[in-house]
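Working notes, beginning with the structure itself.
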Amino acid sequence: MTSLKIGICGGGVGGLCAALALRQQGHEAIVFERAKQFLRIGADVNLTPNAVRALDRLGVGEVLRETAARPTHRISRTWDTGEETSRLPMSEAAEVRYGAPQLTIHRGDLLQALENALPEEAIRLGKQAERVEQGEPMRIHFADGTSEEVDLVVGGDGIHSAVRRELFGEDHPEFTGLVSYRAVVPRSAVPEVENLDAFTKWWGPSPDVQVVVFPLTRGEEVFIFATTPQDDWREESWTLPGDVDELRRVYRAFHPDVQALLAACDSVTKSALYVREPMPQWSVGHATLLGDAAHPMVPFMAQGACMAIEDAVVLSRCLEGVDRAGLSAALQRYEEARKARTAQVQRGSRANDWLKGEGTADWVYGYDAWGVELP
C-alpha cells in the first residue's frame, strides 16, 4: 500500500478527524498541536447527522453517544411571543431519514474521543507551526526552532491559520458588527423552561439578534448561544470572559423561558463575529487547508465543525492509494469536491435565515462524506 507522511497542523476537530481518516487509508498522518496538553475548553459542538454519519465510519460514534445529548427536535420560535414557526423532528426521526442522529456534545468530550482513537505517536503537542517550506519533501518549521519533513502539509489550524497565511498571505476578515455570548447552565436550575430536550432557536426582532438553546451532556446541561449588534468589541476568541449582567440586559425583552435561562447563568464567554468570503483556492504545492482554515463561517447554521469533519473524510478519500507524484491531482479533486458545498454553507450561515420557517434540511443533513461522488 502506498503511504505518505502527512503533517497536520492543528489538533482541533478537523485535524484529529483528518488524522484518523488518513490513517485508515494507510498513510502516516501526524498531528502537530501548539498546546502542551488538550484542555477541556470551549463548550458545545453541534454534530448534525451529516457529521455523525462521518464520525461513525471513523469509529468514534459509539463513544460520543455515551456523553452526548440527542435533541428531539429542531425548533424555531419567535423571540417575544414564543410562537413556533418550524419544528423538525430529530433523534430517531433523523436516524431514519439521514442514517444518523443529531448529537450535541461538549467539545472536550469530542476531542478526547478522537485523541483516544489515535495512536500516541500520531499526536505531537507543543508544536506550533510558524512556516511552511515548499519542496519535495515539504518542511514545517515550528516556534520551538525544530522542523519536520513531510510529503503533504494539511492546515487544520483554525480561523487564525498560520498555514493559510504562509500559502496565501495575511487574512483580512470583515467584522460583522455582531458579538456572541456562550454559556452553560445545569438543567436542574431551569425546571420551568419548556423544550429543553430540543435544539431551539429564538429568532429576535432583527436577523442579527437571536438566542439558541440546546442540551449537552446526556441532557444534564443546557448550552446557550446568543448574538447581538455591538460595534465596540472586536476580539475574536471563544474563550474570553464576558459580563453576565450585560448578557441579561441585552435580552431582557425576550420570552420568559429565555429570561429564566439567562438568570441561571453564572459565567459567559464573549466573542466578536467575523466573516470571510469563500476562498477560490485551498492548495499550493503539496499543502492544503481544511475546516476553519479554509472556510471560516459564522455559527448561525451550526455547521463549522461539521464541515471540518466532512473535509477530513473527503480529503482522505481523495488521497486513497496516492503517492507523492499524484498529490497535486488529488488535492485538486479534494477542492473540487468541497468548495461549492462549503461556500454554500458559508453564505447560508451569513444570511442567517436557514430553517427560520418551514423548509428542508436535507441538503445539509443528508450529505454523506463517505459516499458522495468524487470528481
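The helices (runs of 4 or more DSSP H) found entirely in region 1-83 that carry 1 or more residues being without any contact (Cβ under 8 Å) to a residue 40 or more places away in the chain are 61-67.
Residues in region 264-287 that are closer than 27 Å to residue 187 by Cα and of a type in the set (D, E, K, R): 266, 270. All told, residue 187 meets the bar of being crowded, with 18+ Cβ neighbours inside 10 Å, of a type outside the set (A, V, I, L, M, F, W, C) and without any contact (Cβ under 8 Å) to a residue 60 or more places away in the chain. For residue 163, the requirement of being surrounded by 22 or more Cβ atoms within 10 Å (Cβ to Cβ) and touching an Asp or Glu at 6+ places or on another chain (Cβ under 7 Å) is met.
Going by what's in this entry, would residue 28 be described as surrounded by fewer than 17 Cβ atoms within 10 Å (Cβ to Cβ), within 23 Å of residue 197 (Cα to Cα) and at pLDDT 95 or above? For residue 28, the condition - surrounded by fewer than 17 Cβ atoms within 10 Å (Cβ to Cβ), within 23 Å of residue 197 (Cα to Cα) and at pLDDT 95 or above - is not met.
None of 178, 216 is under 30 Å from residue 280 (Cβ atoms) and in contact with a Ser or Thr (Cβ under 8 Å, 6 or more places away or on another chain) except 178. Among the residues of region 278-302, the one identified as closer than 15 Å to residue 132 by Cα, touching a Ser or Thr at 6+ places or on another chain (Cβ under 9 Å) and surrounded by fewer than 20 Cβ atoms within 10 Å (Cβ to Cβ) is 285. For residue 354, the conditions (1) without any contact (Cβ under 8 Å) to a residue 60 or more places away in the chain; (2) assigned to a helix (DSSP H, G or I); (3) of a type in the set (Phe, Trp, Tyr) all hold with the exception of (2).
No other residue among 275, 211 is farther than 24 Å from residue 77 by Cβ, open to solvent by less than 40 Å² (accessible area, probe 1.4 Å) and within 21 Å of the chain's Cα centre (by Cα) apart from 275. For the criterion of being assigned to a helix (DSSP H, G or I), within 28 Å of residue 73 (Cβ to Cβ) and open to solvent by 20 Å² or more (accessible area, probe 1.4 Å), residue 332 fails.
Could you please let me know if residue 327 is out of contact with any Cys (no Cβ under 7 Å at 6 or more places or on another chain), surrounded by 16 or more Cβ atoms within 10 Å (Cβ to Cβ) and part of a helix (DSSP H, G or I)? When the stated conditions are applied, residue 327 passes them. The single condition among (1) more than 20 Å from the chain's Cα centre (by Cα); (2) within 21 Å of residue 360 (Cα to Cα); (3) of a type in the set (Gly, Ala, Ser) that residue 29 does not meet is (2). If you go through region 94-136 and keep only what is open to solvent by 20 Å² or more (accessible area, probe 1.4 Å), farther than 23 Å from residue 72 by Cα and part of a helix (DSSP H, G or I), you end up with 112, 115, 116, 117, 120, 121. Report whether or not residue 157 is farther than 20 Å from residue 12 by Cβ, open to solvent by less than 70 Å² (accessible area, probe 1.4 Å) and out of contact with any Asp or Glu (no Cβ under 6 Å at 6 or more places or on another chain). Criteria not met by residue 157. With the requirement that a residue be under 30 Å from residue 111 (Cβ atoms) and open to solvent by less than 50 Å² (accessible area, probe 1.4 Å), what does region 77-89 give you? Passing the criteria: only 88. Do we find that residue 6 is touching a strand residue (DSSP E or B) at 6+ places or on another chain (Cβ under 6 Å) and farther than 29 Å from residue 213 by Cα in this structure? It is true that residue 6 is touching a strand residue (DSSP E or B) at 6+ places or on another chain (Cβ under 6 Å) and farther than 29 Å from residue 213 by Cα. For region 31-54, the candidate set comprises residues that are in contact with a strand residue (DSSP E or B) (Cβ under 7 Å, 6 or more places away or on another chain) and of a type in the set (S, T, N, Q); within that set, the residue that is modelled with the highest pLDDT is 46.
The values are calculated or read from the model by the stated rules, or taken from the named source; none is laboratory data. All values reported here derive from a predicted model rather than from experimental measurement. Virtual Cβ from ideal backbone geometry, glycine too; neighbours counted across all protein chains shown. Keep in mind that these areas ignore ligands, DNA and RNA; they rest on the heavy atoms of the full protein, side chains included. Shrake-Rupley method; radii C 1.70, N 1.55, O 1.52, S 1.80 Å.
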